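The values are calculated or read from the model by the stated rules, or taken from the named source; none is laboratory data. Everything numeric in this text was worked out from a predicted model, so none of it was measured. Cβ: placed from backbone, ideal geometry, glycine included. Neighbour counts: every protein chain shown.
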Amino acid sequence: MTESFSMSLDDSTPFDDHPHEECGIFGAYVPGREAARLAFFALYALQHRGQESAGIATSDGIAAYSHKGMGLVNQVFNEDNLRPLHGHLAIAHNRYSTTGSSHMRNASPYLIESAYGPLGVAHNGNLTNTAALRERLLHRGAGLNSTTDSEVVTLMLAAPPQVWTGVDPDVSSEQLDLWQQRIRAFMQLADGAYSLTILTRDAVYGVRDPHGLRPLCLGEMSDGGHVLASETTALHTIGAAFVREVQPGEIVKLDASGLTSVTGCAPRQRALCSFEYVYFARPDSRLEGQIVHGVRQRLGRQLAIEQPADADIVIGVPDSAVPAAIGYAAQIGLLYTEGLTKNRYIGRTFIQPDQQLRRDTVRLKYTPLVDNLAGKRVVLVDDSIVRGTTSGPLVALIRDGGASEVHVRVSSPPVRHPCFMGVDMATKSQLIAHRFDERRICAEIGADSLGYLSLEGMLDAINEGADQPSGHCAACFSGRYPITIPAWLFDEDRTPQTAYGQGIWAE
């Protein structure tokens, strides 16, 4: 096994107030092709899901190869470091940090040598019982190099199932291979959200948690082989045909035999993250049989029904809120137009803004279109308000552009509760809607009025076009979690040290 690493300096300060997904993942078994190049372009298509680090691990059936680094995909990879990633099997990962800090040691995929050859793991989500699983690993003598649950997953899979279950695996009802046995044993113990792509010497596996909290889909290449990706947009980018979504609790295997599937864990009440529709997923992706752009327009239409405004024009915060703004305008009968131009190159930069620029990062990212705003009563549609750090500057920017009134409308409910399933909003004190009511938020952001979409309206709009009756996690809005959350996770002062009960390096 060979492995190389790269690192690039990056400004990790966000330029928006949106929650960030933990990562995007990809997997491929493509005989006769170099899988690393497919993985690179798939990561490009999934860049919106993670912008702190990127990595690819491959196998040629003999050895495994890996390259990963801090930064965007095009900062981490080039021809020189892609060329040595041999093989027709690959997994890949884009990352935002949630359980682990933004540090090279936490970059993925994780790749280790096991008793049965190379083992690599790319993980989207967050385990809620990581602390207990880490403790079990440490008591077994395992050494841990990072603060992420992805490393925990990898080391658990490297051990025989009986280490965790205490009994030999029961394979009487179906023939499970070595890795399927280990994946199934892991699934019996893991709590929380996880979609995984797993690399072994001669196969790639895709796994989804029994609630289906994080997305994962299957695609087929026209010249042979199959791929896995967090979103269908990655399939389109590399020329793969969408086959279906990986089902909650399912283990999919891609190898020389083609595509096979077994149940790893009995599926439970479906709970796909509703923020996939509100913000995370790219608008051209397909979830549950429906294009995300269309769902966001329905969210905007329902928002207009529930929260109309007496105004002249409707604008959206680029880019994710534009479909909702279009739907809002169509439903209420107002003109939709552009009011803000977005600088698409400022989001991540090698250069730290100075203190004055940092105080006004909204102006680095957006410019008002004065001719469209001057003298107008404006409805500003956003998809969410989480911390409230950019809503006020956006309202001020639109007023500076000449708007006489600014009415803010949000195509999701107030975010009042932390998420522990792979999204970076994990303390109540960070959430403006937990601290203030809507009237106070309106005053804080300087708007003339503020209106949110109701929880019922959001869920109805999401389910309207789904290909089957489904369920969605809306815990950040409602406080009703689909899984049991350990009490210590609600502690505002928690740290890795308090979680794991031991010293760990400072991050």
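Structural remarks
- Residue check for residue 274: among the polar types (S, T, N, Q) and farther than 25 Å from residue 55 by Cβ: yes
- Candidate set: segment 221-240, residues that are within 17 Å of residue 124 (Cα to Cα) and of a type in the set (S, T, N, Q); chosen: the one surrounded by the fewest Cβ atoms within 10 Å (Cβ to Cβ): 233
- All positions within segment 475-507 that are part of a helix (DSSP H, G or I), surrounded by fewer than 15 Cβ atoms within 10 Å (Cβ to Cβ) and modelled with pLDDT of 90 or more: 478
- Residues of segment 390-413 that are in a loop (DSSP other than H, G, I, E, B) and surrounded by fewer than 23 Cβ atoms within 10 Å (Cβ to Cβ): 401, 402, 404, 413.
Rundown of residues vs (1) in the same structural domain as residue 27 (by TED's automatic domain parsing); (2) touching a residue at least 60 places away in the same chain (Cβ under 8 Å), yes/no style:
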| site | (1), (2) |
| --- | --- |
| 254 | yes, yes |
| 257 | yes, no |
| 264 | yes, yes |
| 276 | no, yes |
| 279 | no, yes |
| 285 | no, no |
| 296 | no, yes |
| 301 | no, yes |
| 315 | no, yes |
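- Qualifying positions in segment 142-178 - part of a helix (DSSP H, G or I) and either at pLDDT below 80 or among the hydroxyl-bearing types (Ser, Thr, Tyr) (or both): 150, 154, 163, 164, 165
- Wholly enclosed strands (runs of 3 or more DSSP E) of segment 70-141 bearing at least 1 residues among the charged types (D, E, K, R) and within 17 Å of residue 49 (Cα to Cα): 89-95
- Checklist (1) surrounded by 12 or more Cβ atoms within 10 Å (Cβ to Cβ); (2) more than 26 Å from the chain's Cα centre (by Cα); (3) at pLDDT below 95 applied to residue 349, failing item: (2)
- Just one residue in the set 43, 111, 85, 133 is crowded, with 19+ Cβ neighbours inside 10 Å, among the hydrophobic types (A, V, I, L, M, F, W, C) and under 21 Å from residue 281 (Cβ atoms); that residue is 43.
- Restricting 243, 262 to those that are surrounded by fewer than 20 Cβ atoms within 10 Å (Cβ to Cβ), touching a Leu at 6+ places or on another chain (Cβ under 8 Å) and within 17 Å of residue 198 (Cβ to Cβ) reduces the list to 262.
- Checked against (1) within 30 Å of residue 91 (Cα to Cα); (2) touching an Asp or Glu at 6+ places or on another chain (Cβ under 9 Å); (3) assigned to a helix (DSSP H, G or I), residue 253 passes all but a single condition, namely (3).
- For segment 275-298, the criterion of being under 16 Å from residue 450 (Cα atoms), of a type outside the set (Val, Ile, Thr) and either at pLDDT 95 or above or not in a loop (DSSP other than H, G, I, E, B) (or both) is met by none of the residues.
- Residues of segment 414-432 that are surrounded by 24 or more Cβ atoms within 10 Å (Cβ to Cβ) and small (Gly, Ala, Ser): 422 alone.
- Of the helices (runs of 4 or more DSSP H) lying entirely inside segment 423-464, those carrying at least 1 residues that are in contact (Cβ under 8 Å) with a residue 60 or more places away in the chain, within 20 Å of residue 475 (Cβ to Cβ) and in contact with a strand residue (DSSP E or B) (Cβ under 9 Å, 6 or more places away or on another chain) are 455-463.
- Filter pass, residue 201 being in a loop (DSSP other than H, G, I, E, B) and in the same structural domain as residue 93 (by TED's automatic domain parsing): yes
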